[in-house]
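The values are calculated or read from the model by the stated rules, or taken from the named source; none is laboratory data. Fair warning: this is a prediction, and the values are worked out from it, not measured in the lab. So basically every Cβ, Gly included, is an ideal-geometry build from the backbone, and we count neighbours across all protein chains shown.
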Amino acid sequence: MAREIQERGYRFGRDVMRYAVGCEPSSVIGRDLLRQLFRAATSVGANLQEAHAGVTRHDFVHKIGLARKEAFEARHWLRLRRDMCPSDEALHPLQREADELCRILTAIILSAKRNDSRPAPQ
């Protein structure tokens, strides 16, 4: 796996963490939403690190799948946060990066599965 995607996963979690620390949610719902966003976003990078350390191809694909799932979840929480705070410009780059991570991780999984389905050379 390219080091770049690991780094992007790390930076995404870091940037969401910085965003969440700077927020002062005025309600329990806002705090819970930020907590869920924080957990999903930081899990993307953690799962990408685990994928890099995967022993088998199956383990690699599984961990990339978990990272993808967390990226989609983070995207969901970012969308809800945007709906709560439509004037919050800091959300736009986070949403853009979540979208890109979802696309990249989906492509990695599809590529890995395509490669697994090819017949072995004789």
Would you please list the contacts, defined by Cβ atoms under 7 Å and residues six or more apart or on different chains, that run from a residue in the range 60-76 that is within 10 Å of C102 (Cβ to Cβ) to a residue that is of a type in the set (D, E) and modelled with pLDDT of 95 or more?
R75/D99
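Would you confirm whether or not the range 2-13 contains a residue that is surrounded by 15 or more Cβ atoms within 10 Å (Cβ to Cβ), among the aliphatic types (A, V, I, L, M) and within 17 Å of H76 (Cβ to Cβ)?
Quick first cut of the range 2-13, residues surrounded by 15 or more Cβ atoms within 10 Å (Cβ to Cβ) only: 5-6, 8-10, 12-13.
Subset that is among the aliphatic types (A, V, I, L, M): 5.
Cutting the leftovers down to within 17 Å of H76 (Cβ to Cβ) gives us none.
Checked against the condition, which is being surrounded by 15 or more Cβ atoms within 10 Å (Cβ to Cβ), among the aliphatic types (A, V, I, L, M) and within 17 Å of H76 (Cβ to Cβ), the range 2-13 yields no hits at all.
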Qualifying residue in the range 50-58 (condition: at pLDDT 95 or above, crowded, with 19+ Cβ neighbours inside 10 Å and touching a helix residue (DSSP H, G or I) at 6+ places or on another chain (Cβ under 6 Å)):
no
Anything in the range 64-97 that is closer than 16 Å to R14 by Cβ and either of a type in the set (D, E, K, R) or in contact with a His (Cβ under 9 Å, 6 or more places away or on another chain) (or both)? List them, or say none.
E70, R96, E97
Counting only residues in the range 77-99 that are charged (D, E, K, R) and touching a residue at least 40 places away in the same chain (Cβ under 8 Å), the one surrounded by the most Cβ atoms within 10 Å (Cβ to Cβ) is identified as R81
